[in-house]
Amino acid sequence: MSGLDTMLIRLKYNGGKRQIDRMNEDKLRSLKKALLYSYQSATAILEDGREFRCLINPDKIKNEYDNKYISIPFKDICLNAEEIEDTISSNKIQEIGLKEGDIFT
């Protein structure tokens with residue numbers, strides 16, 4: 001195996017040949033770690049009762065309002081999947097489907 005083949009395998013492992021794909025993969029990886037270890041991580045309970053990990057950050061630009069930013073992946077493991085009848089297993093990654101204007105707790 002040549003050095004170029006080894007480098008191609010490394011690129012595929014880290015997200016693909018294109019730089020934008022690798023950057024997106026790195027951002028997702030760092031978000032997943034922050035969901036576990038950050039003091040700003042929280043559990044969002046959606047309207048349908050599913051629970052997902054998220055980051056809730058304060059808006060530092062405007063201090064006179066109590067605005068917060070939420071960071072949540074598009075797909076993640078549901079924390080209470082065994083309590084909800086519609087899901088098969090808690091090991092399955094589900095589409096979160098949170099969009100602008102949705103209410104969560």
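The values are calculated or read from the model by the stated rules, or taken from the named source; none is laboratory data. The shown structure was predicted, so the numbers you read here are calculated from the model rather than taken from an experiment. Cβ atoms come from the backbone with ideal geometry, glycine included; neighbour counts cover every protein chain shown. We work out accessible area using only protein heavy atoms, side chains counted, and drop any ligands, DNA or RNA first. Shrake-Rupley method; radii C 1.70, N 1.55, O 1.52, S 1.80 Å.
Here are some notes:
- In segment 34-74, of all residues being among the charged types (D, E, K, R), open to solvent by 100 Å² or more (accessible area, probe 1.4 Å) and part of a loop (DSSP other than H, G, I, E, B), the one that is nearest to LYS92 (Cα to Cα) corresponds to GLU47.
- Any hit, segment 2-16, residues being closer than 30 Å to GLU82 by Cα, modelled with pLDDT under 90 and open to solvent by less than 90 Å² (accessible area, probe 1.4 Å): no
- Cross-chain or 6+ apart pairs with Cβ under 8 Å, segment 1-27 first and in a helix (DSSP H, G or I), then of a type in the set (A, V, I, L, M): ARG22/LEU11
- Any hit, segment 89-99, residues being acidic (Asp, Glu) and open to solvent by less than 60 Å² (accessible area, probe 1.4 Å): no
- Within segment 54-65, residues that are closer than 22 Å to LYS33 by Cβ reach partners that are among the basic types (Lys, Arg) with beta carbons closer than 7 Å, at six or more positions or on different chains, in the pairs ILE56/LYS68; ASN57/LYS68; PRO58/LYS68.
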